[in-house]
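Below is one structure, written out as structure tokens; comments come after it.
The values are calculated or read from the model by the stated rules, or taken from the named source; none is laboratory data. Computed from a predicted model, the values in this text were never measured in an experiment. Every residue, glycine among them, receives a Cβ derived from its backbone with ideal geometry; neighbour counts consider all protein chains shown.
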């Protein structure tokens, strides 16, 4: 079975996916493997800049506001994930941290940062989660205290990808107390601001995650992303674009696990024959393949709905992320079972995927949050 779906994909889109997979195999994967786990891989980012993958993420060019098509973003992330989850994650984090600037920043902010991001020279981070507000992002408490020149930020962010090594942060802070999502403001905060600190967190996933601390960090109106007290909209606008593509990342990992399992079962001898001839194994492979294709179609459908400007896409995007990430967890776990103990050895593809696959069910809205969104949409008029 071929790894790619032809659901409304043009020949050019299919060729692009194949090109990305080839590039990941020949150039990006070796750079990813040479990087230090848990740290930003700047040579990898530079290579993605040279090969135009970051430019594909920002089709408006180094000084434009144009968004990537959600379907293109999904195809890019799925294709990279099939070969190198490190490359996929590095690219996705650049998009997540930079799109608040693309969508809501000033011309000066865009002109300063976007060319460096597109070239793979500047590292971005999306700083929303806090110790007391993960999935409940509207309850964040990082304090923005008014000053004569703007505000000072005091508090901390946690579980921030690319922290503390990012060159700039899209930060969401509380400017109006007791106002929920209506009292949040977004700021672009360069990493060299006085009072900004942080530390690495030791996580099971191999990409960098850390804590960011704010000790009266100064920001001004020139650092605003959007309007005062409208920062939650800035965050949600970026997450709305990226949510279906989290599902695409999951589909790519699941496809890699299935491909490995099909190959293993087709050559591994046990009980007097090949594993693939055992009904328990073949039925499991069939279930894995069916769930992956269903997840892929949900992801593509949600992305196309976003691109076509359909209203009320929250439920469809939530379904795509929910089903794809839960499917990836099931498929990777089943693949480990088919491979047996060899899959648990450090350095094995499935050992790597087993560590990677858990986090997408939590970040950018945990599975429980996605179910809440879907349930709420069922009762809307």
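Observations on the structure shown:
- If the condition is being under 27 Å from the mean Cα position of the chain (by Cα) and surrounded by fewer than 16 Cβ atoms within 10 Å (Cβ to Cβ), then region 281-292 contributes 287, 290.
To keep it simple, each residue is scored yes or no on (1) surrounded by fewer than 18 Cβ atoms within 10 Å (Cβ to Cβ); (2) in a helix (DSSP H, G or I); (3) assigned by TED's automatic domain parsing to the domain that holds residue 354; (4) under 16 Å from the mean Cα position of the chain (by Cα).
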| site | (1), (2), (3), (4) |
| --- | --- |
| 39 | yes, no, no, no |
| 43 | yes, yes, no, no |
| 47 | no, yes, no, no |
| 78 | no, yes, no, yes |
| 97 | no, yes, no, yes |
| 111 | yes, yes, no, no |
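- Test: residue in region 82-95 that is out of contact with any helix residue (DSSP H, G or I) (no Cβ under 7 Å at 6 or more places or on another chain), surrounded by 24 or more Cβ atoms within 10 Å (Cβ to Cβ) and under 22 Å from residue 256 (Cβ atoms): yes
Okay, residues lined up against (1) surrounded by fewer than 19 Cβ atoms within 10 Å (Cβ to Cβ); (2) within 26 Å of residue 356 (Cβ to Cβ); (3) touching a helix residue (DSSP H, G or I) at 6+ places or on another chain (Cβ under 9 Å); (4) in contact (Cβ under 8 Å) with a residue 60 or more places away in the chain:
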residue: 258; (1), (2), (3), (4): no, yes, yes, yes
residue: 268; (1), (2), (3), (4): yes, yes, yes, no
residue: 274; (1), (2), (3), (4): yes, no, yes, no
residue: 279; (1), (2), (3), (4): yes, no, no, no
residue: 299; (1), (2), (3), (4): no, yes, yes, yes
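- Residue in region 7-19 that is buried (at least 23 other Cβ atoms within 10 Å of the Cβ) and either out of contact with any helix residue (DSSP H, G or I) (no Cβ under 9 Å at 6 or more places or on another chain) or assigned to a helix (DSSP H, G or I) (or both) present: no
- Residues that are surrounded by fewer than 20 Cβ atoms within 10 Å (Cβ to Cβ) and touching a helix residue (DSSP H, G or I) at 6+ places or on another chain (Cβ under 8 Å) within region 311-335 comprise 312, 314, 315, 326, 329, 330, 333, listed in sequence order.
- Candidate set: region 156-167, residues that are assigned to a strand (DSSP E or B) and crowded, with 24+ Cβ neighbours inside 10 Å; chosen: the one farthest from the chain's Cα centre (by Cα): 157
- When 144, 138 are screened for being at pLDDT below 95 and outside any loop (DSSP other than H, G, I, E, B), only 138 passes.
- The lone exception for residue 311 - which of (1) part of a helix (DSSP H, G or I); (2) more than 14 Å from residue 335 (Cβ to Cβ) it fails: (1)
- Flag if residue 322 is assigned to a helix (DSSP H, G or I), within 15 Å of the chain's Cα centre (by Cα) and either at pLDDT 90 or above or assigned by TED's automatic domain parsing to the domain that holds residue 282 (or both): yes
- Criterion violated by residue 122 - all others in (1) in a loop (DSSP other than H, G, I, E, B); (2) modelled with pLDDT under 95 satisfied: (2)
- Residue within region 340-360 that is out of contact with any strand residue (DSSP E or B) (no Cβ under 6 Å at 6 or more places or on another chain), closer than 14 Å to residue 244 by Cα, modelled with pLDDT under 95 and in a helix (DSSP H, G or I) present: yes
- Qualifying residue in region 204-213 (condition: within 15 Å of residue 151 (Cα to Cα) and surrounded by 15 or more Cβ atoms within 10 Å (Cβ to Cβ)): no
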